[in-house]
Amino acid sequence: DAGVTQSPTHLIKTRGQHVTLRCSPISGHKSVSWYQQVLGQGPQFIFQYYEKEERGRGNFPDRFSARQFPNYSSELNVNALLLGDSALYLCASSFSAISGTGELFFGEGSRLTVL
Amino acid sequence: GESVGLHLPTLSVQEGDNSIINCAYSNSASDYFIWYKQESGKGPQFIIDIRSNMDKRQGQRVTVLLNKTVKHLSLQIAATQPGDSAVYFCAETTGGYQKVTFGTGTKLQVIP
């Protein structure tokens, strides 16, 4: 079975632009979470979606938004990009919304560079 | 506020020796504590977790110890192998939804 897949794997944008990152969860998983990982640091929670509804939001500005589609795939959108948005964006999926964290499976991420 | 921090940024271990990675946390309300392994160019991979009402849990070659009195978590890896070389994150979660709070990571280098 395929794991969590993310696209694109790498992308370069300039300040002020907009970016859309995509995630396909493991088949059967209904929950998708997004994390930002700045180089040298641990991932930071951005959003969790379950059954197309936002279930949790981290401490990120309104420039960050996300949505989940009927097939449980998800998009993360970032507007008005800043240099500090350069990071690895990780998507994680799980079957349920609340349960032991061992069920959280991460993709390999989308590496965003903002120039 | 919530925070999970690691004591050492880099740990070098001889192949075959045991590794111990330590972590301090501050959130007494955490439900689960988790260890993740992240290899270069990959996403974090779950290793083992422990519920807050436990003090020890063992997996295959790994053991996690939780000391709630001093808010300390450790990961022990037995007979460390070159494939164990990676960055290890301790993390915690509080019930309600799956927001996982990660620490800054410890890089484990296995010397052949």
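The values are calculated or read from the model by the stated rules, or taken from the named source; none is laboratory data. Model, not experiment: these values are computed from the prediction. Here Cβ is always computed from backbone atoms with ideal geometry, including for glycine, and neighbour counts include all displayed protein chains. To get the accessible areas, we keep the full protein, side chains included, count just its heavy atoms, and leave off ligands, DNA and RNA. Shrake-Rupley method; radii C 1.70, N 1.55, O 1.52, S 1.80 Å.
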Reported set for region A:19-53 where residues are touching a Ser or Thr at 6+ places or on another chain (Cβ under 7 Å), under 15 Å from B:Gly41 (Cα atoms) and open to solvent by less than 20 Å² (accessible area, probe 1.4 Å) is A:Gly42
Could you tell me whether any residue of region B:84-94 is in a strand (DSSP E or B), within 14 Å of chain A (Cβ to nearest Cβ) and open to solvent by 40 Å² or more (accessible area, probe 1.4 Å)?
yes
Taking the stated definitions as given, is B:Ser40 closer than 30 Å to A:Arg111 by Cα and either open to solvent by less than 10 Å² (accessible area, probe 1.4 Å) or within 14 Å of chain A (Cβ to nearest Cβ) (or both)?
yes
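With respect to A:Gly16, is the statement that it is part of a loop (DSSP other than H, G, I, E, B) and open to solvent by 20 Å² or more (accessible area, probe 1.4 Å) true?
yes
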What pairs come up if the first residue lies in region A:7-24 and is among the hydroxyl-bearing types (Ser, Thr, Tyr), the second is open to solvent by 60 Å² or more (accessible area, probe 1.4 Å), and their beta carbons are under 7 Å apart, counting only those six or more places apart or on different chains?
A:Ser7/A:Arg22; A:Thr9/A:Arg111; A:Thr14/A:Leu115; A:Ser24/A:Thr5
Among the candidates A:Leu76, A:Leu82, A:Leu90, residue that is open to solvent by less than 10 Å² (accessible area, probe 1.4 Å) and away from chain B (no Cβ under 11 Å)
A:Leu76
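With A:Gly56, A:Gly40, A:Gly102 as the choices, which residue is in contact with a strand residue (DSSP E or B) (Cβ under 7 Å, 6 or more places away or on another chain), modelled with pLDDT under 95, not β-branched (Val, Ile, Thr) and not in a strand (DSSP E or B)?
A:Gly102
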Take the conditions out of contact with any helix residue (DSSP H, G or I) (no Cβ under 8 Å at 6 or more places or on another chain), away from chain A (no Cβ under 14 Å), open to solvent by less than 50 Å² (accessible area, probe 1.4 Å) and not in a loop (DSSP other than H, G, I, E, B) and apply them to B:Leu11. Does it pass?
yes
State yes or no: is B:Lys107 within 12 Å of chain A (Cβ to nearest Cβ), of a type in the set (Lys, Arg) and surrounded by fewer than 21 Cβ atoms within 10 Å (Cβ to Cβ)?
yes
Checking B:Asp84 against (1) in contact with a Leu (Cβ under 7 Å, 6 or more places away or on another chain); (2) more than 21 Å from A:Leu104 (Cα to Cα); (3) among the charged types (D, E, K, R), only one condition comes out false. Which one?
(2)
